[in-house]
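Novice: This is the structure I want to talk about, given as structure tokens.
The values are calculated or read from the model by the stated rules, or taken from the named source; none is laboratory data. Remember, predicted model here, so these are calculated numbers, not experimental data. Because the Cβ atoms are built from the backbone with ideal geometry, glycine has one as well, and the counts that use them run over all protein chains shown.
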Amino acid sequence: MLRKLRITLAVIMILLITLLFVGVGYGIDPWVGWTARIQFLPAVLSLAFVVVAAILVVALLFGRIYCSVICPLGIMQDIYSWLGGKFKKNRFSYVKEHKWLRYTVLAVFIVCLVIGFAPIITLLDPYGNYGRIVTSFYLRNITVSIIAWVVMLILGVLAFLYGRAYCNAICPVGTLLSFFSRFSLFRVRFDEEKCKHCGLCEKNCKARAIDAKAGKIDYSRCVVCGDCTAQCKFDALHYTAKKTASKSETAETVPDAGRRSFLVGAALATGTAAMAQAEMKVDGGLAVIEDKQAPKREHPITPPGSVSARRMQQHCTACQLCVSACPNHVLRPSTDLMHFMQPIMSYEKGYCRPECTRCSQVCPTGAIQPITKEEKTAIHVGHAVWVKENCVVLTDGVSCGNCARHCPTGAIQMVEYNHNGNTVMIPAVDTNKCIGCGACENLCPARPFSAIYVEGNVMHHCD
């Protein structure tokens, strides 16, 4: 019963959280957004103390069930481990805890979390890694895709061969929860009267936490998967709060304890969104339109609600949920080391429409704080800068004014300018009105670099 219940909840959880990453653009988030908000690190970063406390209390009462039915990366590894079991059965053996490794990684992770060193945070966060693996199939970002596929390959090989090796040696969330799970009330226990020390439980423990000869279990590494109880032929293992499970209690206590032990959560492993193929833009079927290229910005532009790039750096796990949710294709992963894979705004494919607040709605960590449409129109994330050398009015001798016509705040006005003895109309930017939405940059006809681009504000400010 314990194993069946764990598998049922885990499948539901991974299906839901995968749908969240691949289907946010279709209005799914209001129904399944909670699956991201109950992940441990997003809850910590968003200061959701109730969620954090609930996860820790559950670990203290029932063990590391979070790792088996809530964490999508853990569930994904269980799928790989299950596949490995199809090739070789009874393949595990007990190993001692690698304390020096897991606690060193945890200490480094906590330090990086405090100082906001994004690369380590993003590479070690299990939720963020799963999000990048799913979105790498359709976001068309080569850097994120390569990193996500390498992580997926490494975790897949480890889980296929060694079960939960990553969770019990590297994962900082798993290590932190192990502090509480080693004192859990409900746990898998040996019935010494029934146990024959056959070792079948040890050989099927993917956490490699059971020492069958000694009749001991390392509860700091046990993820309460139920594989051992399902494999025991002598009914000698039970998930219970009692030190021993009597014969009369075995049939009734174990199922009830198993039902109580799990949080209702869910979601499926390897996200399978089809890789979209690049499209060639053609003007009237005659001439290929040259793609825009991003300008070199002195300061990155971060989404309205993020307050600043510095704050984004400290709170974001780079899960790519906001990137996949952006309907205007404005958000993309950063390649800058200090903001590695965290979302930044760029306007080659679209601009940030004033009525859209999707990224602030889906962010589970509080890196992008929830804002209303009215609040968004008053937030200045950057300001437009005109580049004389790129403007078609001067380079091609044509009249334009595209940037001024499409500016939603009226921050751009066309003014007279003397060019080679001729009076032409060029854009003038009122930086006090400009909110940095990028409409001017995106709709500028100049190629490959726009004649007007948005420079990010170090700190966002409101009217």
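Novice: From the residues in the range 338-378 that are of a type in the set (Phe, Trp, Tyr) and touching a Ser or Thr at 6+ places or on another chain (Cβ under 9 Å), which one is modelled with the highest pLDDT? Talk me through it step by step, then tell me what you get.
Specialist: Taking the range 338-378 and keeping what is of a type in the set (Phe, Trp, Tyr), we get 340, 347, 351.
Subset that is touching a Ser or Thr at 6+ places or on another chain (Cβ under 9 Å): 340, 347.
Values: PHE340: 87, TYR347: 95.
Checked the range 338-378; the qualifying residue modelled with the highest pLDDT is TYR347.
Novice: Which one is modelled with the lowest pLDDT, of the residues in the range 271-314 that are surrounded by fewer than 10 Cβ atoms within 10 Å (Cβ to Cβ) and small (Gly, Ala, Ser)?
Specialist: Going through the qualifying residues, I end up with ALA274.
Novice: Identify all residues within the range 97-155 that are among the charged types (D, E, K, R) and under 30 Å from ILE217 (Cβ atoms); write none if there are none. Write out each step before concluding.
Specialist: Let us first name the residues in the range 97-155 that are among the charged types (D, E, K, R), namely 97, 99, 102, 125, 132, 140.
If the condition is that a residue be among the charged types (D, E, K, R) and under 30 Å from ILE217 (Cβ atoms), then GLU97, LYS99, ARG102, ASP125 are the ones that fit.
Novice: So, restricting to helices (runs of 4 or more DSSP H) that lie completely within the range 382-463, which ones have at least 2 residues that are small (Gly, Ala, Ser)?
Specialist: Those helices (runs of 4 or more DSSP H) do not exist here; none qualify.
Novice: Of the residues that make up the range 213-226, is at least one outside the structural domain of ASP336 (by TED's automatic domain parsing), acidic (Asp, Glu) and assigned to a loop (DSSP other than H, G, I, E, B)? So that I can check it myself, show each step before the final result.
Specialist: Step one: filter the range 213-226 for residues outside the structural domain of ASP336 (by TED's automatic domain parsing), giving 213-226.
Next, from what is left, pick out any that are acidic (Asp, Glu): 218.
Now restrict to residues that are assigned to a loop (DSSP other than H, G, I, E, B): 218.
Yes: one or more hits.
Novice: Taking the conditions exactly as written (farther than 26 Å from ARG3 by Cβ, surrounded by 16 or more Cβ atoms within 10 Å (Cβ to Cβ), modelled with pLDDT under 95 and among the hydroxyl-bearing types (Ser, Thr, Tyr)), does SER81 satisfy them or not?
Specialist: On the way: farther than 26 Å from ARG3 by Cβ: no; surrounded by 16 or more Cβ atoms within 10 Å (Cβ to Cβ): yes; modelled with pLDDT under 95: yes; among the hydroxyl-bearing types (Ser, Thr, Tyr): yes.
In short, no.
Novice: Output the qualifying pairs, or none if there are none: Cβ atoms under 9 angstrom, residues six or more apart or on different chains, first residue in the range 366-392 and under 29 Å from LEU41 (Cα atoms), second residue part of a strand (DSSP E or B) and of a type in the set (Val, Ile, Thr).
Specialist: That search, which allows pairs on different chains as well, returns ILE371/ILE379; VAL381/VAL454.
One line per residue, one yes/no per condition, for (1) of a type in the set (S, T, N, Q); (2) touching a strand residue (DSSP E or B) at 6+ places or on another chain (Cβ under 8 Å); (3) buried (at least 24 other Cβ atoms within 10 Å of the Cβ):
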{"residue": "VAL150", "(1), (2), (3)": "no, no, no"}
{"residue": "PHE160", "(1), (2), (3)": "no, no, no"}
{"residue": "PRO172", "(1), (2), (3)": "no, no, yes"}
{"residue": "ARG182", "(1), (2), (3)": "no, no, no"}
{"residue": "PHE190", "(1), (2), (3)": "no, yes, no"}
{"residue": "GLU193", "(1), (2), (3)": "no, no, no"}
{"residue": "GLY199", "(1), (2), (3)": "no, no, no"}
{"residue": "ALA209", "(1), (2), (3)": "no, yes, yes"}
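Conditions tested, residue by residue: (1) surrounded by fewer than 21 Cβ atoms within 10 Å (Cβ to Cβ); (2) within 25 Å of LYS349 (Cβ to Cβ); (3) at pLDDT 95 or above; (4) under 35 Å from the mean Cα position of the chain (by Cα).
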| site | (1), (2), (3), (4) |
| --- | --- |
| VAL424 | yes, no, no, no |
| THR431 | yes, yes, no, yes |
| PRO445 | yes, yes, no, no |
| PHE449 | yes, yes, no, yes |
| GLU455 | yes, yes, yes, yes |
| ASP463 | yes, no, no, yes |
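Novice: Filter the range 1-46 for residues that are modelled with pLDDT of 90 or more and in contact with a Pro (Cβ under 6 Å, 6 or more places away or on another chain) and give the result.
Specialist: ILE14, ILE17, ALA36, ARG37, PRO42
Novice: Considering only the range 379-396, I want to know if a residue exists there that is of a type in the set (Gly, Ala, Ser) and within 33 Å of the chain's Cα centre (by Cα). Steps first, answer last, please.
Specialist: Initial filter on the range 379-396 (of a type in the set (Gly, Ala, Ser)): 382, 384.
Checking which are within 33 Å of the chain's Cα centre (by Cα) leaves us with 382, 384.
Checked the range 379-396: at least one residue is of a type in the set (Gly, Ala, Ser) and within 33 Å of the chain's Cα centre (by Cα).
Novice: Just checking, does the range 132-140 include any residue being among the aliphatic types (A, V, I, L, M) and closer than 22 Å to VAL44 by Cβ? Please lay out each step first, then the result.
Specialist: So in the range 132-140, the residues among the aliphatic types (A, V, I, L, M) come out as 133-134, 139.
Imposing the further condition that a residue be closer than 22 Å to VAL44 by Cβ reduces the set to 133-134.
Within the range 132-140 (the criterion being among the aliphatic types (A, V, I, L, M) and closer than 22 Å to VAL44 by Cβ), the answer is yes, since at least one residue qualifies.
Novice: Any idea which of HIS461, HIS406 is touching a residue at least 60 places away in the same chain (Cβ under 8 Å) and not hydrophobic (A, V, I, L, M, F, W, C)? Working first, answer last.
Specialist: Values: HIS406 fails: touching a residue at least 60 places away in the same chain (Cβ under 8 Å).
When all the criteria are applied, what remains is HIS461.
Novice: For the range 319-363, which positions are β-branched (Val, Ile, Thr) and part of a loop (DSSP other than H, G, I, E, B)?
Specialist: Looking only at the range 319-363, we keep the residues that are β-branched (Val, Ile, Thr), and these are 323, 330, 335, 344, 357, 362.
If the condition is that a residue be β-branched (Val, Ile, Thr) and part of a loop (DSSP other than H, G, I, E, B), then VAL330, THR335, THR357 are the ones that fit.
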